[in-house]
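Working notes for the structure below.
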Amino acid sequence: MDKKVKVVGKNLKKHRKEKNLTQERLASRAGYHRTYISALERGRVNPTLCTLTNLSDKLGISIQELFDDTKRKG
C-alpha cells in the first residue's frame, strides 16, 4: 500500500491512543466496524476523504494531523 496510507494509519492509531479510545469505541463513535479501524491503522485500506474527515472530527484533531509525516525527537 502507498506510504501515505501507512502514515495515516500510524497517526490514526497514535491519536486514538492519546484519547484513550479503543478501536471498538472509536468505531462506534464514527459509525464503522472495529475491523475497519484496525485495517486503517495497519495501512491495509485506502480511506476516503469523508472517512478521514469523520475520524478526525471524532478524535478532535485536524485532518492535517493524520497526514503528518514528521519525525519528532524528544
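The values are calculated or read from the model by the stated rules, or taken from the named source; none is laboratory data. None of the values given here were measured: they were computed from a predicted structure. No Cβ is skipped: glycine too gets one built from the backbone with ideal geometry, and neighbour counts run over all protein chains shown. Please note that ligands, DNA and RNA were not included when accessible areas were found on the heavy atoms of the full protein model with its side chains. Shrake-Rupley method; radii C 1.70, N 1.55, O 1.52, S 1.80 Å.
For the chain, the per residue solvent-accessible surface stands at 65 Å², with DNA, RNA and ligands left out and a 1.4 Å probe. Match the structure shown to one of the listed values (1) 5.8; (2) 4.7; (3) 5.2 of mean projected area of the Cα convex hull in nm², computed from it, and give that label. Recomputing mean projected area of the Cα convex hull in nm² here gives the entry labelled (2). Sparsely packed loop sites in segment 3-53 (the trypsin sites (Lys or Arg not before Pro) outside DSSP H, G, I, E and B with at most 15 other Cβ atoms within 10 Å) comprise Lys19, Arg42, Arg44.
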